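Down below is the structure, laid out as structure tokens.
The values are calculated or read from the model by the stated rules, or taken from the named source; none is laboratory data. From a predicted model like this one, the values you see are computed outputs, not experimental measurements. For neighbour counting, all protein chains shown are included, and Cβ atoms are generated from backbone atoms with ideal geometry for every residue, glycine included. Quick note on the areas: whole protein, heavy atoms, side chains included, nothing else; ligands and nucleic acids left out. Shrake-Rupley method; radii C 1.70, N 1.55, O 1.52, S 1.80 Å.
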Amino acid sequence: MALSSRVLLAAGRLQAGGAGLRFASTTVGLKTEAEVDTSENEIVAPDFTNRNPRNLEQLALARKERGWKTTWPKREFWHRLRLERTQHYVEAFVERCNGDVVVSASTREWAIKKHLYSPKGVTACRNLGHVMAQRCLEAGINFVNFKAIIPWEYRCDSIQEFEKAMEEGGVVLHEPRRIYE
């Protein structure tokens, strides 16, 4: 409204100065559109198909593959967190029960390696834990199983620092129990 009054004032000055600018109409008319009926949007369809493949996992209703009692490591998880340390690098993976890797991070990646003094060791594992936690949350993975490591490796400082960094990042390192109802 203020802009249209300024235009009219400027046009009046030009007309008074003898410059031949004239408007056919000086009234500004705003047309209002008819009210839209939104009651149609509130109707819920009787058949609802959930297209989220992870919905049952998030509700803790999906099946966990148990496998045989003699298999090790156990396959009873939806997502498992693995940490592999080699002589030169540290790698972390989140994989599904069928073996597909969902999220991964490694000190081989240049974006991670350039911030580290050494691509192996305790500080590398701690920083890799922070990166993995962020990537897991971005992928929508809030719960992972981290019990599938060799028991005597758990005492290692680097694995404990990795676990601590994952928990600080907001990822829960055990999955909820399955609901059998």
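If you filter region 127-156 down to residues that are assigned to a helix (DSSP H, G or I) and surrounded by fewer than 14 Cβ atoms within 10 Å (Cβ to Cβ), you find that the one that is nearest to the chain's Cα centre (by Cα) is 138. Comparison of 85, 22 shows that the only residue that is open to solvent by 90 Å² or more (accessible area, probe 1.4 Å), in contact with a Cys (Cβ under 9 Å, 6 or more places away or on another chain) and either modelled with pLDDT of 75 or more or farther than 30 Å from residue 172 by Cα (or both) is 85.
A quick yes/no check of all residues on (1) out of contact with any Gly (no Cβ under 7 Å at 6 or more places or on another chain); (2) among the aliphatic types (A, V, I, L, M):
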{"position": "70", "(1), (2)": "yes, no"}
{"position": "87", "(1), (2)": "yes, no"}
{"position": "103", "(1), (2)": "yes, yes"}
{"position": "117", "(1), (2)": "yes, no"}
{"position": "122", "(1), (2)": "yes, yes"}
{"position": "126", "(1), (2)": "yes, no"}
{"position": "131", "(1), (2)": "yes, yes"}
{"position": "137", "(1), (2)": "no, yes"}
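Please verify whether region 88-95 includes one or more residues that are open to solvent by 40 Å² or more (accessible area, probe 1.4 Å) and assigned to a loop (DSSP other than H, G, I, E, B). The answer is yes, given that some residue of region 88-95 is open to solvent by 40 Å² or more (accessible area, probe 1.4 Å) and assigned to a loop (DSSP other than H, G, I, E, B). Kindly evaluate residue 77 against the criterion of being surrounded by 14 or more Cβ atoms within 10 Å (Cβ to Cβ) and assigned to a strand (DSSP E or B). When the stated conditions are applied, residue 77 does not pass them.
Selection of first residues in region 56-82 that are on the phi < 0 side of the Ramachandran plot and modelled with pLDDT under 75 and of second residues that are of a type in the set (A, V, I, L, M, F, W, C) and in a loop (DSSP other than H, G, I, E, B), restricted to Cβ pairs under 6 Å at least 6 apart or on distinct chains, gives the following pairs, ordered by first then second residue: 56/62; 61/179; 73/148; 75/97.
Mind checking which residues of region 96-126 are of a type outside the set (A, V, I, L, M), open to solvent by less than 40 Å² (accessible area, probe 1.4 Å) and within 23 Å of residue 54 (Cα to Cα)? Matches in region 96-126: 97, 99.
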